1. For the pairs Lys133/Lys176; Lys57/Lys214; Lys57/Lys176; Lys108/Lys143; Lys70/Lys123; Lys55/Lys123, flag any whose C-alpha to C-alpha distance is greater than 29 Å.
2. Rounded, prolate or oblate: which one fits region 93-150, using the alpha carbon gyration tensor with axes a ≥ b ≥ c (rounded when a/c is under 1.5, else prolate when a/b beats b/c, else oblate)?
3. When the helices in the chain are scored as -39500 (n - 2.57) per DSSP H run of 4 or longer and the sum is shared across all residues, what 222 nm value do you end up with, to the nearest 500 deg cm²/dmol?
4. Short version: ³J(HN,Hα) in whole Hz for each residue of region 160-172, in order, from phi by Karplus 6.51 cos²θ - 1.76 cosθ + 1.60 (θ = phi - 60°), x for Gly and Pro, what are they?
5. Would you tally the net charge around Ser188, using a Cβ to Cβ cut-off of less than 14 Å, leaving Ser188 out, and scoring K and R as +1, D and E as -1?
6. Please report, as a whole percent, how much of the solvent-accessible surface of the chain comes from carbon and sulfur atoms (probe radius 1.4 Å).
7. Which shape class applies to region 119-186: rounded if a/c is under 1.5, otherwise prolate when a/b exceeds b/c and oblate if not, where a ≥ b ≥ c are the square roots of the Cα gyration tensor eigenvalues?
8. If one computes the Cα centroid of region 155-189 and of region 88-107, what distance in Å separates the two points?
Amino acid sequence: MSRPFASKLAYGALAVALLTAPAALAAPGVSSTKPADLPAGHYVLDKTHASVVAKIKHMGFSNYQFRFTKVDASFDYDPKAPAASKISVTIDPASVDTATGADAFGLKFNKELAGDGWLEANKFPTATFVSTKVEPGAGQTGKVYGDFTLHGVTKPVVLDVTFNGVGSGFAPGSVKTGFSASTTIKRSEFGVSKYVPLVGDDVQLNIEVEFDKK
């Protein structure tokens, strides 16, 4: 049997296998964008596919962005009682990353924002969000109310959330889901008022997260 012919047979067998595979072995990706199709259970953050990006006005010239690289989160969900969902998030303020490079200047800039006058991560090593209420909206949207603690100060915030869908990951039988969320806080209300108003008081937080069902 020639190699080209054998290769064609192998590809044909693979195609048949994929077309006839059971649902548990279906191709990974989103299978539904309906929140009601998200199975009940406990979900943990896929840290390799999570980002918390902050945007702040810098002297009126730009909307400067930076991110936090150490984030953890989990939530509990029941499609029969979505409003009873419980979400918790933890962020390490010392993980602030300005994307200004790994040289001396970039590292110094990151350290400055994590240090005195700003986030003071040595005194306040965690920022947290704990939900108090979930309000499902139309379609894939909703609001999550909760207590946000930053710089030792706790204030209520509201996240505008979009459910991106549920499906399977690469592992057979796995359940994966994802969300986009955003909110805006005033940093001065959390005791971080350095250079206000030269550097903006409003901080927009944009969140992209994926979770795996456990």
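The values are calculated or read from the model by the stated rules, or taken from the named source; none is laboratory data. Please read these numbers as outputs of a predicted model, since none were measured by experiment. Methodologically, a virtual Cβ is constructed for each residue, glycine included, from the backbone with ideal geometry; neighbour enumeration extends over all protein chains shown. Keep in mind that these areas ignore ligands, DNA and RNA; they rest on the heavy atoms of the full protein, side chains included. Shrake-Rupley method; radii C 1.70, N 1.55, O 1.52, S 1.80 Å.
1. Lys57/Lys214; Lys57/Lys176; Lys108/Lys143
2. oblate
3. So the calculated ellipticity at 222 nm is -4500 deg cm²/dmol.
4. Whole-Hz 3J(HN,Hα) from phi for region 160-172: 8, 10, 10, 7, 8, x, 10, x, 10, x, 6, 6, x.
5. Net local charge, Ser188 excluded: +2.
6. Carbon plus sulfur share of accessible area: 61 percent.
7. It comes out oblate by the Cα gyration axes.
8. 21 Å
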